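Q: Have a look at the structure that comes next, please.
The values are calculated or read from the model by the stated rules, or taken from the named source; none is laboratory data. Predicted model only: the values in this text are computed from it and were never measured. Counting neighbours? That spans all protein chains shown, and the Cβs are built from the backbone with ideal geometry, glycine included. Each accessible area value is taken on the protein alone, full model and side chains, heavy atoms only, with ligands, DNA and RNA left out. Shrake-Rupley method; radii C 1.70, N 1.55, O 1.52, S 1.80 Å.
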Amino acid sequence: DFEIGSDNLNVSLDMTATYTKERFFNILGSTDDDAGETDAPHWRANSLLTLRYNEFRFNWASHFIQGGGEDPDEFDPDAVPCDGLPVSCRPIYFTTDYDVHDMSVSYGWDNYSITFGIKNVFNTAPPEVDDDGVFSLANVPLGIGYDLNGRTGFLTLEAKF
């Protein structure tokens, strides 16, 4: 808490980070550790910075997913041809680090509040992968936490009774 004039500015920062050390699957006697691969990144983190001053509140949220997967060292000239082209393609079974930021501003009075915000402020696109090796839709890994919608604005009105 900080005192500005005769009012109080409340500043809070919440952070959570998760590390996946191992993620084993046993399929018909064959064991596979998926930790660190595209669908099971080692690190995920979230943070939320909140500033409160009188009836106003500002939030800034950040979400991080560590890239992962396998990046083949060599190009395979005998790989599957690209769609409609007479050349081979190099499949992409890996992702790079990914972070997204959201922000919102709220004003509250009596039993009412109004909030305006933007999700994915910098319009960060999710990584593209080859859907032959990673469960995906339109070349974007699904179920990992990537933002599939891009920058999105929202307005919320709230009444308590």
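Q: Got a number for the accessible area of THR96? Probe 1.4 Å, square angstrom, nearest 10.
A: THR96 exposes around 90 Å² with every protein chain in place.
Q: Let me cross-check MET15: its accessible surface, 1.4 Å probe, with only protein heavy atoms counted, in Å² to the nearest 10?
A: Here the accessible area works out near 140 Å².
Q: Here is a follow-up. Relative to the present Cα-Cα distance, how much length would full extension add between MET15 and MET103 at 0.36 nm per residue of separation?
A: Working: separation 88, 0.36 × 88 = 31.68 nm, distance 1.56 nm.
Full extension from MET15 to MET103 adds 30.1 nm.
Q: Could you pull out the trypsin sites (Lys or Arg not before Pro) across segment 1-60 that fall in loop regions by DSSP (anything but H, G, I, E, B) with no more than 12 other Cβ atoms inside 10 Å?
A: Details: sites: LYS21, ARG23, ARG44, ARG52, ARG57; in loops: LYS21, ARG23.
The qualifying sites are LYS21.
Q: For segment 1-72 and segment 138-161, write down the distance between their C-alpha centroids in whole Å.
A: 16
Q: Report the gain in length on full extension from ASP7 to PHE122: 0.36 nm times residue separation, minus Cα-Cα distance, nm rounded to one decimal.
A: Extra length available between ASP7 and PHE122 comes to 38.1 nm.
Q: Taking loop as defined by DSSP and a crowding limit of 12 other beta carbons within 10 Å, which GluC sites (Glu not before Pro) in segment 1-67 fit?
A: Values: sites: GLU3, GLU22, GLU37, GLU55; in loops: GLU22, GLU55.
Passing sites in segment 1-67 are GLU22, GLU55.
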